[in-house]
Number of protein chains: 2
Amino acid sequence: MRPAGGAIPVAVPVWSVDPRTGKQREQVATEATAAEVDAAVRAAHATRAALADRDTRIALLRAAADQLEADGEAIIAAADAETALGTTRLTGELGRTTGQLRAFADEVADGGYLDVIIDHADGSLTPPRPDLRRYKIPLGVAAVYSASNFPLAFSVPGGDTASALAAGCPVVVKAHPDHPATSELAGAALRRAAAQVGLPEDVITVLHGFEAGVELIKHPLVSAAGFTGSIRGGRALFDAAAARPTPIPFYGELGSLNPVVVTEAAAVERAGEIGGGLAGSMTMGVGQFCTKPGLVFAPAGGAGDELLAALTKKVGEAAPGVLLDGRMREAFLAGVRERAALDGVETPVAAGPGEANTVAAGFLTVDADRLAAEGAHDLLLEECFGPVTVIVRYADADQVTAVLSRLPGNLTATLHLGEAEGAGEGGQGGRLLAELTPIAGRILVNGWPTGVAVTAAQHHGGPYPATTSTSTSVGATAIERWLRPVTYQSAPPALLPPELRDDNPLGLPRRVDGRREH
Amino acid sequence: MRPAGGAIPVAVPVWSVDPRTGKQREQVATEATAAEVDAAVRAAHATRAALADRDTRIALLRAAADQLEADGEAIIAAADAETALGTTRLTGELGRTTGQLRAFADEVADGGYLDVIIDHADGSLTPPRPDLRRYKIPLGVAAVYSASNFPLAFSVPGGDTASALAAGCPVVVKAHPDHPATSELAGAALRRAAAQVGLPEDVITVLHGFEAGVELIKHPLVSAAGFTGSIRGGRALFDAAAARPTPIPFYGELGSLNPVVVTEAAAVERAGEIGGGLAGSMTMGVGQFCTKPGLVFAPAGGAGDELLAALTKKVGEAAPGVLLDGRMREAFLAGVRERAALDGVETPVAAGPGEANTVAAGFLTVDADRLAAEGAHDLLLEECFGPVTVIVRYADADQVTAVLSRLPGNLTATLHLGEAEGAGEGGQGGRLLAELTPIAGRILVNGWPTGVAVTAAQHHGGPYPATTSTSTSVGATAIERWLRPVTYQSAPPALLPPELRDDNPLGLPRRVDGRREH
């Protein structure tokens, strides 16, 4: 795997950088060479049999949560130094991360994710039915690509890793360059947890480097990949996964506008609350959430004006913040400038550079008719990562429908309704809910999309480009991504795995001859 | 959608051809132009709201089965004239097809496929949990690509169509050129069924033509595709689906060797039965099943010789048969010639041309060590569609393991065990089952892979190239392919769809706050 000509590659250093100053903090690692990627994947592949034991996996996930907590102070300090997200937010994120790991341990114990279906032989049918028993088995080594904006919950110890390990898949993580020190610490905690429960440490490996990420998706022993990041990066990896001699599933979460529709009645009843809530949601985490509301439909006229006044006040009061890295800051500032320069776009609060390395939050307004047909204003329908949102002023429902019909897929869509509309009166609430459902994976009423609860009913995914698959990366059902069904036909009882035995020694929920048992 | 320059395309006729004579029977249709593909997809897209009603879909699926039965005589006659599969087989296939349609009606009525999960709001949690309710909604228009070898069960009225309609997805079928008349008759029956239950006929449309199939996969309003066919054709469409600006899921079933391992003990106990059973399975339907056993491991030595003697006798007795079309016949004869010419390959019964347009069944033998490493003999590890199989003679278990580890993914893998091995004695049965599980989707013991029961526990899929996804195209869970989850957060009860209401008016099985209800 060395370059042709026999030259020995020079190790490329991986630096931890402080986004508050732009200065290098320390060299954390070196970028993985192709040979190192290959070795990591092979070592991971060799741990599959060890990970097959369900009790060991349950113990691993719980030990991982414990180890992360034990190292919590150091991990949070490193993450804050590398991401400027602040210790309060990062403490919460660590809690979310350990909660996820423990929740997946519970899912493994529950076993419903195995989708056990048993159909006994039936000779009375035409043709006679043989004995068939179906459950799900792990796909193999999972490649996980970390997100910039969640150094824990969507990175090394995050939901992709937790769900893949829960499914029985060893994990090789490509760390995000915005937080290599945090990634190393989290990786070490996870490997220690593996050793503690008697598993090989190589059930989880952390690698660094852009090229390593490209090698990883192409490796023949990688069976699936999870990704959280940009549309450009995610699409490139999706394309590489699809172009392999043996294509693999690529579960990418790429980008989302997260439209919000505020009805006239909602604005009349709750202008101040909605304006203030929007300001909080769009500036949370310096606007660096994949669920940031990026396009908000507010009615023209007095009630909408009042909403904007509240928004203006609250956004104006928001303290400038530091973005995750310098490149992101440049992209944000350029994106805001380009959007603000469009005809008819106004900037009641101008997003822009703040002191030192900060940026200030802001928002833009535009009339809905500018977005009704293809044109330069389509830039406003693209995500702009950072603390900015676009307010679309509309005169009637048809304008909202026209713009909604032009939107790409989203993780979320939000509806703010008046009280009577929420009670089903007038039909407006139902109509809007029906219009938002086809374009998003999670539909909220009278709330804000930032904040994604980790629970069984969660769905964090949506039509492309929100995600590249129909699956979720948050919540219990995220485990489904790393499994495939297998059916045994007429296998003798002595050879059946315990999951498929008639006596159900593991007490799994299952469907037997059409009846559900649990 | 007309070619540049304004030239009006000449309609390309679609002929029904009799494979017994190679002669054209009648002109059935013309190939769909790009404009016709576009019109068909748009018309299908417009029927989504009508298909959303679950009772109507149940009625549609049952009416479709009734209409196919009403036209059964004409459909079977056309199918036999076009495919030479014989009326006995085609009568059985029609029964399988109507059974599938009715089984999916039952699945819709059951509603378990909606995967309803409800988590009520819980303010006592940190952070507080909002009310979240998840179920599955249809993806949109489904493109279905018919198979050559099942003019009914995997074609216009087949499993892909039935499961997509059950999910609520309108269907546009690209008919297979081997049976256009059958496709037209089946399509007419399905459209009549739609009209009968008050649905627009455009919930199902049949198109013809290779170029129409290429246009179809690229159409922006097509949301998913199902395919049964060759690796080359399936991979081309998979690549096109992945390369779209908005990629869509492509559920392709492409090709499979379906390995069979016969242990020494099995051969000693049941040489004659296994040899005879193999002959029946590999010649069934003139070897034109995707589950045909194409690579069979038989022990070297006396018991294996006896198995081969039984196989030789039975295959030699098999009547020559007509393949689905002339091109397939040429490919089969060339594939057999090329394989038989390899060093060390013997042909105890030579497959080859029979009288008129028939082919005679046969089999090849080769020593396992020829397949242990990459080389010219790898051709034997590629599917050869038609009545031929390859017998691999092995001296020990390591040789079997070595060859198995080199196989691509399969729909099925089969194990023939001795009585004690099946009872779990000696460990050989468990070891072999564990070796076969990673390379296939259905693992059989002491049976034959041809014949795929339509039931909830069925899995007809496997690692690439068996299928391009982790899903099945046969059995109840095939419906999952055409759905995506959506979660409603804090939606007022008055606006919730009935599937997600607390009072569960549809009586759906569901998971509520972690507890399963049914």
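Computed about the Cα centre, the dipole magnitude for segment B:259-445 is approximately 560 debye when only Lys and Arg (+1) and Asp and Glu (-1) carry charge, each at its Cβ. Are there GluC sites (Glu not before Pro) in segment A:404-470 that DSSP marks as loop and that have at most 14 other Cβ atoms within 10 Å, and which are they? Those that pass, being in a loop and sparsely packed, are A:Glu425. Using Cβ point charges alone (K and R +1, D and E -1), the dipole size of the protein assembly as shown about the Cα centre works out to roughly 360 debye. Placing +1 on the Cβ of every Lys and Arg and -1 on the Cβ of every Asp and Glu, with no other charges, gives chain B a dipole of roughly 1140 debye about its Cα centre.
Residue of chain A with the smallest Cβ distance to the axis mapping A onto B, distance rounded to whole Å: A:Ala242, 2. How high is the FRET efficiency between A:Gln27 and B:Ala376 when r is their beta carbon distance and R₀ equals 60 Å, given to the nearest 0.05? The value I calculate is 0.75. Modelled spin labels at B:Ala395 and B:Asp343, positioned 7 Å past Cα toward Cβ, are 1.7 nm from each other. Computed with a 1.4 Å probe over protein heavy atoms only, the accessible surface of segment B:207-323 comes to 33 Å² per residue. Inter-chain neighbour count for B:301-313: the average number of beta-carbon atoms from partner chains within 10 Å of each residue's beta-carbon is 0. Farthest toward the positive end of the dipole of segment A:259-445, out of A:Pro293, A:Asn357, A:Leu333, is the Cα of A:Asn357, where the dipole comes from beta carbon charges about the Cα centre. Restricting to DSSP loop positions (anything but H, G, I, E, B) with no more than 10 other Cβ atoms inside 10 Å of their own Cβ, which GluC sites (Glu not before Pro) remain in segment B:264-358? Counting only loop positions with at most 10 other Cβ atoms within 10 Å, the GluC sites (Glu not before Pro) in segment B:264-358 are B:Glu355. A simple spin-label model places the labels of B:Ala300 and B:Lys313 2.6 nm from each other, with each point 7 Å out along Cα-to-Cβ. The residues of segment A:123-138 occluded by other protein chains by 40 Å² or more of accessible area, set against the chain on its own, are A:Leu132, A:Arg134; surface from heavy atoms, 1.4 Å probe. Using a probe of 1.4 angstrom and keeping all protein chains present, the accessible surface of segment B:356-512 works out to 30 square angstrom per residue. From its DSSP helices (H runs of at least four residues, each -39,500 (n - 2.57)), chain B gives a residue-normalised ellipticity at 222 nm of -11500 deg cm²/dmol. Taking every alpha-carbon pair under 8 Å whose residues sit at least 6 apart, chain A reaches a relative contact order of 17 percent.
Within the accessible area of segment B:302-403, the carbon and sulfur atoms contribute 49%, probe 1.4 Å, all protein chains present.
With 50 Å² as the minimum drop in accessible area between chain alone and full protein complex (1.4 Å probe), the qualifying residues in segment B:489-518 are B:Gln489, B:Leu495, B:Arg511, B:Arg516, B:His518. When the solvent-accessible area of segment A:99-158 is split by element, carbon and sulfur atoms take up 57 percent of it, the probe being 1.4 Å.
Take A:Leu342, push a point 7 Å out from Cα through the beta-carbon direction, and compare it with the same point in every other copy: 6.0 nm, smallest first. Both chains summed, the buried accessible area for B and A stands near 5200 Å², from protein heavy atoms and a 1.4 Å probe.
Checking the Cα-Cα distances for A:Lys136/B:Lys292; A:Lys136/B:Lys218; B:Lys174/B:Lys292; B:Lys136/B:Lys292; A:Lys136/B:Lys174 against a 30 Å cut-off, the pairs over it are A:Lys136/B:Lys218; B:Lys136/B:Lys292; A:Lys136/B:Lys174. Annotation for B:Phe210, label-to-label distances across the other copies: 4.1 nm (shortest first, one decimal, point 7 Å from Cα along Cα→Cβ). When A:Ala402 is represented by a point 7 angstrom out along its Cα-to-C-beta vector, the spacings to that point in the other copies are 7.2 nm, nearest first.
Per the 1.4 Å probe, what fraction of the accessible area of segment B:179-234, in percent, lies on carbon and sulfur atoms? After summing per-atom areas, the C and S share lands at 58 percent.
The values are calculated or read from the model by the stated rules, or taken from the named source; none is laboratory data. Note that this is a predicted model, so its numbers are computed, not measured. Cβ atoms come from the backbone with ideal geometry, glycine included; neighbour counts cover every protein chain shown. Each accessible area value is taken on the protein alone, full model and side chains, heavy atoms only, with ligands, DNA and RNA left out. Shrake-Rupley method; radii C 1.70, N 1.55, O 1.52, S 1.80 Å.
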